[in-house]
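Input: a single structure, listed below in structure tokens.
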Amino acid sequence: MFKTNEIFQDTYLIRKEIGRGGVGQIYLAYHLRLRKNVVIKQIRSDFVGAVSSRAEVDILKNLHHSNLPQVYDFLQLGPEVYTVMDYIEGQNLDVVIRQNRHLGEKTLVSWLRQLLDVLDYLHTRKVPVIHSDIKPGNIILRPDGSVCLIDFNISLDGMEKGKIVGYSAYYAAPEQVRLAQAKQMGRPCNIRLDARTDLYSLAATFYHLVTGRRPVTGRPNPPMRQLAEGRYTPDFLEILDRAMSPEPGKRWHSARQMRAAVNRLRRKDNGYRAYLAMQVVSWVMSALLLGAGVFCVLRGVSAEQSEAYRADYLTLSEAIQNEDDSLVLQTGNQILNRDAYQSILEQSPEDCSAILHAMGDSCYHLGDYAAAASYYQQALDCADSGDAQLGCYYCDAALALMKSGNVSAASEILAQAQAAGLSGGQQLLVQAAVALVEADSDACVTAVRQLIATESDSELCEQACLLAARAVTGQEQLEWLQIADGFYRTRQTLRQMGAQCMELANEAESTEDGERYCRQALEYYQVLADDAYATLEDRLNLGIVQLSLEDTASCISTLLELEQEYPDDYRIEMYLAFAYYRCEDLVNASTYCGSAWRHWNNATESERQSADEREIENLRELWQKLNF
């Protein structure tokens, strides 16, 4: 037992004991060389033999994942064994449960995806690692909202004060309980724990979070669909109920498979979708990438190759979410051209098509429509005939060709699509695209109306509505964008709706109509600004709309926060000058006007070309009015 302020191994300053478990005592300590807090677990003497003989303990030192604590050391000093790992700040989910907080499905889905990601990482190591002690107390909610899985159960042997050591009551899978009981009684047992054991415990943890009731060990629990109906979507509850089946064979086979189901869930439910980057008529490629075949077990591929591929694929997905088009193109090219990945791409043609399509989207965003069309065509060439995205690839290739001025090639692509045996909904989507290329807005809208009246696929309906929005203008365009948003919400559609509302506000014939459109725009930009992937433009637009609605206090608050992150952006300072002038704060108006004018004069040529001439003229007038 350590004492407070004792120095252990000339490296660790013991601060205090922070817990006791079935295997030993836990201390908070300070790593004198790394200058950070760590956790030291002192293994009980009667467990030392079992622990030190377990190869898994040493494997923990080589684990590196953002949702796991880093293990720094494993020490065996005579009869005593210690593990040293990161101290994770935050509170465990036991505390969250005791607070009796209602947790929204968006929050729970985010936690579930993170935990499934880390379990997939553990279960697919060269020597698979089964955590075997997942419960609310072993999941830390960090201050930034992410979760961390801690405290591996490294023994199934022994007894402690009459309790069976080796599983956590309420959360352990039935087969884990049976194995521990057999070991306790000294009976032979051929049960082997695997990934499905962890999935049960994970689902049991969420059972407690969702229902507020602790699950029961040893007999079936009422399904979550029954206990939480109306508060969470049925699809979400069914995913958890399947993972918590008493029979391992009825559960999800792997964390990867369960995570794919969660990714599909995000695409089904409007309320809990991520706002992923996409071009105006694209499928949500980020979601496809995150749930694609990269996470499947690929035969004939080494673990090292698979892990490297997975890391690059996730980098690509994050680049898409962050709308970093340059990084999308760079990472996509690296994946497609790396020799070590060719066998993986051959086994997963849907991955190859998805990557090429994402690169086409980035070229489209950058205005290089010819390159976009080329990537879309390559995506078509790679895709299987049964690929669900085939109709999308045809339409996007045609629209990129049309934007590049090659209308005849666009018509040829769409003719190929009509002959490709697509589904009824995809055929109607192609018909709408043909009409758009031919500038027949009525025919485009008619095909879209027929599609949404007969098609159940919300993503297909959303894409069709975006085509209709391109075929019309004014209020009708806004209405089609709103219909698309109702089928499937994306950041790109939100931005289009916000911009269209502001355009309609500027054209409004009455003050009331102008204010109504501004308030609609405010709603859209507020959603964008609150999103984890909000851009500078999203937040700047929010401030501009707030200023348009005479809410100068909110505008100034929004822009001052932006200024801290982007101190040299003349646009932020310009609108701050406008806002302060409007509320008659001439001192701040003068300060920000002068600074904005200096930064504008130092702006790059591309920044000057993209500037709103009317706003620059307004800045010039204010600059003169304030006697600069």
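Only the coordinates and a few stated rules stand behind these numbers; no lab work does. What you see is a predicted model; the values in this text were computed from it and never measured. Positions of Cβ are backbone-derived with ideal geometry, glycine not excepted, and every protein chain shown enters the neighbour counts.
At 7 Å along the Cα-to-beta-carbon direction for both ASP339 and THR591, put a label point, then send me their distance in nm to one decimal. The answer from the label model is 6.1 nm.
When peptides 508-519, 31-42, 358-369 are ranked by their average number of other Cβ atoms within 10 Å per residue, the highest-first order is 358-369, 31-42, 508-519. Taking a ≥ b ≥ c as the square roots of the eigenvalues of the Cα gyration tensor of the range 447-530, is the shape rounded (a/c under 1.5), prolate (a/b larger than b/c) or oblate? Verdict is oblate for the range 447-530. Compared with the direct C-alpha span, the chain from ILE191 to ARG219 gains 8.2 nm at full extension, assuming 0.36 nm per residue. With Rh defined as the Kirkwood radius, the inverse of the mean 1/r over Cα pairs, the Rg/Rh of the range 68-135 is 1.06. Take every pair of alpha-carbon atoms less than 8 Å apart whose residues are at least six positions apart; their mean separation over the length of the chain yields a relative contact order of 6 percent.
Can you tell me the orientation of helix 536-548 relative to the chain, as the angle in degrees between its alpha-carbon axis and the longest Cα principal axis, to the nearest 10? The answer is roughly 60 degrees. Between ALA420 and ALA453, residue separation times 0.36 nm minus the direct Cα-Cα distance comes to 9.6 nm.
All distinct Cα pairs of the range 175-257 go into the 1/r average, and the inverse of that average, the Kirkwood radius, is 13.6 Å. Ellipticity at 222 nm from helices only: DSSP H runs of n ≥ 4 in the chain, each -39500 (n - 2.57), divided by the residue count, give -18000 deg cm²/dmol.
Under the classification rounded if a/c is under 1.5, otherwise prolate if a/b is larger than b/c and oblate if not, where does the range 557-628 fall, given a ≥ b ≥ c as square roots of the Cα gyration tensor eigenvalues? Judged from the Cα gyration tensor, the range 557-628 comes out oblate (a/c at least 1.5, b/c at or above a/b).
Expressed as a whole percent, how much of the Cα-Cα distance distribution for the range 390-505 exceeds 24 Å? Here the tail beyond 24 Å accounts for 21 percent of pairs. Here each label is just a point 7 Å from Cα along the line to Cβ, and for GLU503 and THR446 those points are 2.6 nm apart.
Sorting 555-563, 5-13 by their mean Cβ neighbour count within 10 Å, with the most densely packed peptide first, gives 555-563, 5-13. With each label modelled as a point 7 angstrom along the Cα→C-beta vector, the SER408-SER326 pair spans 3.8 nm.
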